[in-house]
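For reference, the structure discussed in these notes is given below.
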Amino acid sequence: MAQPSWVARPVDEAVAATLQQAGAPTLLARALAARGAEVDDLNEPDLQALLPFDTLKGVGQAATLLAEAIAAGKKIVIIADYDADGATACAVGLRALRAMGAMVDYLVPNRITMGYGLTPEVVQLALARQPDLLVTVDNGIASVAGVAAANALGIPVIVTDHHLPGEVLPDAAAIVNPNQPACPFPSKALAGVGVMFYTMLALRAELRRRGAWQARPEPNLGALLDLVALGTVADVVRLDRNNRLLVAAGLRRVRSGRASAGLNALYRVAGRDPARAVSADLGFVLGPRLNAAGRMEDMTHGIECLACDEVDVALRYAQKLDAFNRERREVEGAMQESALARLDTLEAGQRYTLSLYDPEWHPGVIGILASRIKDRFHRPVITFAPGTSADEIRGSGRSIAGFHLRDALDQVTKQHPDLILRFGGHAAAAGLTLRSDDFARFEAAFETVARQWLSPGDLALQVDYDGEVAPADLTLATAEALRAQVWGQGFPEPLFGGRFAVIQQRVVGERHLKLRLRQGERAFDAIFFGHAEPLPDSIQALFQLSVNEWNGNRQLQLELRHWRV
């Protein structure tokens, strides 16, 4: 594979100077300025700055329907999704609705046996819970048939979702989705849990208008922000200013000891201290444990963990999630090894896409596998596993910048109307179902669309970084200030460059390189995760600043990401 090019991000020097004057260390000020941030990003999150809920199309209608259901003592059933966004959205709904006097239950489809979203089969399954009103979270915008099935049974449906709609919207009683046509809500990056949180804000306001809080205090929906933060980061939505406010407010609750029992339990099984919570914990520590339930068995375990208040009960569920995650890692490792072995026989450099199918692959892990292969080859990747019936296969895809995956699948469908049975998703991630016999035909059709939409230059990997840094700026205090910020999709954690002499190196944990690097008169501890090959005596490196905690001591550590001679 060709080495990626390194490109320094441009910095607005005037904004960087203003941020420094406001107290930001040099590296943090320059990184924030390069991402279009403002001085307000240095302050404690102010929830008054959140976008107002009443600009979400359909949210008032949804609030009215929910308020009427509560007043009439009707049964509300939430139809959840089986990933971290869906689980947190469901937990937010359960906690908020119960606090507002609703009779509420939930159902989460099994990823492997039932597939995604509110299907007619899921509607039939929900009947056992005797619903008077169905509410989807993190799904539903594509559930045309499922909503029609519920309507035929006299059960109205409220859709809360953030996925891109198809050409036909479901005939729901209300739709809350910032990406639906004619929705004026400025943030189109809201996660499913964010949409549900906003819907609950609208419901509380509607109940206030009806005088519901005259006899009892209003529920504090801010107590749900730790769950909102977890789902937002774990779903890898773009962290625009509104999402960063939500995540920052949620992290503040976690650090101050006010997180939910389930979130604290997840921190405990991961061996992390919630008092030092950072956004990376949500995406790389808690999120995978929560997602593992939906991948390996049933997301009911994750929802119960987040929805309960009993510490011991939450811990038992968190321990199950941790076990699922260990199993997921083992399965994923074996799948990745077989996939990469196959790719070694392919001319990946000549291909614009990679489509892979193995009847032995686990359908719950193919999304992670696609992501790993995409990162390695910088191509749109779709990996397939057996579907729910013998004649179907299910795929999960991940894409690169500039190639909208859902739109590409839509284009394949337009060119080959009989090829894809079902599909949906985002620009960066999507899922689909094919007939088993159509894999080769899909592989060719997908490659054709990619060659129409991409140029060879789009396939060249580029690593953006935040410039070369002076040794004097590499301090523990700067690392702490960087850690405290909210980083994620669309607002990436800073990556810095430098030239170093490698003065010590040894392999730890069988596959990581522990280093001692020198720059000028200073020496630094460093770690290169997932890299066990020795480095030469002198290197250029791209690295992140981290804090190594050991036996109560906290020291600056550089985490290498890329290197070259």
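Bear in mind these aren't lab numbers, they're just calculated from the coordinates by the rules spelled out. As the structure is a prediction and not an experimental result, all values here were calculated from the model. Virtual Cβ from ideal backbone geometry, glycine too; neighbours counted across all protein chains shown.
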*Footprinting exposure proxy for Glu392, Glu218 (fewest neighbouring C-beta atoms within 10 Å first)*: Glu218, Glu392
*asked:* Let me make sure I get this right: for segment 267-368, a, b and c are the square roots of the gyration tensor eigenvalues over alpha carbons, sorted descending. Under 1.5 in a/c it's rounded, otherwise prolate if a/b > b/c, else oblate. Which is it?
replied: prolate
*Relative contact order for segment 346-459 using alpha-carbon pairs under 8 Å, separation at least 6, rounded to a whole percent?*
25
*Holding the Cα-Cα limit at 32 Å, pick out from Lys57/Lys414; Lys374/Lys514; Lys374/Lys414; Lys188/Lys514 the pairs that are longer than that.*
Lys188/Lys514
_Förster radius 51 Å - calculated FRET efficiency between Gln21 and Ala182 (Cβ-Cβ, nearest 0.05)_ = 0.75
*In sequence order, calculated HN-Hα J values of segment 241-252 (Karplus, 6.51, -1.76, 1.60; Hz; x Gly/Pro)*: 4, 5, 5, 5, 4, 4, 5, 4, 5, x, 5, 4
*Which of the listed residues, Gly530, Pro363, Ala501, is farthest toward the dipole's positive end in the chain, when Lys, Arg count +1 and Asp, Glu count -1 at the beta-carbon?*
Ala501
*Cα long-axis angle, helix 192-209 against the chain (0 to 90 degrees, to the nearest 10)*: 50
_Need the list of aspartates and glutamates near Lys75 for cross-linking: C-alpha distance under 17 angstrom, and skip anything on the same chain fewer than eight residues off._
Asp105, Asp132
*Would you mind classifying segment 466-564 by shape? Square roots of the alpha carbon gyration tensor eigenvalues, ordered a ≥ b ≥ c; an a/c under 1.5 is rounded, otherwise it is prolate if a/b is larger than b/c and oblate if not.*
rounded
_For Gly424, residues with placed amide H under 5 Å, excluding near neighbours_ = Gly431
*Could you tell me what percent of the DSSP beta bridges with both partners in the chain are antiparallel, to the nearest 5?*
65
_Packing-based exposure ordering (other Cβ within 10 Å, fewest first) of Val176, Val285_ = Val285, Val176
_At 7 Å along Cα-to-Cβ for each site, give me the label-to-label distance between Gln319 and Ala390 in nm._
4.2
_Compute the helix-to-body angle for 287-296: its Cα long axis versus the longest principal axis of the chain, expressed 0 to 90° and rounded to tens._
60
*Could you run the Karplus curve 6.51 cos²θ - 1.76 cosθ + 1.60 with θ = phi - 60° over segment 142-157 and give me ³J(HN,Hα) per residue in whole Hz, x for Gly and Pro?*
9, 8, 4, 5, x, 5, 4, 5, 5, 4, 5, 8, x, 10, x, 10
_Amide H within-cut-off set for Glu392, under 5 Å, with H built and near neighbours excluded_ = Gly387, Ser436
*Quote the charge dipole size of the chain about the Cα centre in Debye, to the nearest 20; the model charges only the Cβ of Lys and Arg (+1) and of Asp and Glu (-1).*
800
_Mean Cα-pair separation over length for the chain, i.e. relative contact order, pairs under 8 Å, 6 or more apart, %_ = 12
*Rounded to whole Hz and in sequence order, give me ³J(HN,Hα) for segment 161-167 from the Karplus expression 6.51 cos²θ - 1.76 cosθ + 1.60, θ = phi - 60°, writing x for Gly and Pro.*
7, 9, 6, 6, x, x, 5
_Burial ordering of Cys183, Cys90, fewest other beta-carbon atoms within 10 Å first_ = Cys183, Cys90
*asked:* Full-extension gain between Asp105 and Leu47, please, as 0.36 nm times their residue separation minus the C-alpha to C-alpha distance.
replied: 18.0 nm
*For Ala148 and Ala532 in one chain, what is 0.36 nm times their gap in residues minus the Cα-Cα distance, to one decimal in nm?*
132.7 nm
*If you wrap a convex hull around the Cα atoms of segment 52-323, how much volume per residue is inside, in Å³?*
116
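Given Cβ point charges of +1 (Lys, Arg) and -1 (Asp, Glu) and nothing else, what value in debye, to the nearest 20, does the dipole of segment 503-565 about its Cα centre take? Mind dumping the intermediate values first?
Details: 9 positive and 7 negative charges, 10 e Å.
So the dipole magnitude of segment 503-565 works out to roughly 40 debye.
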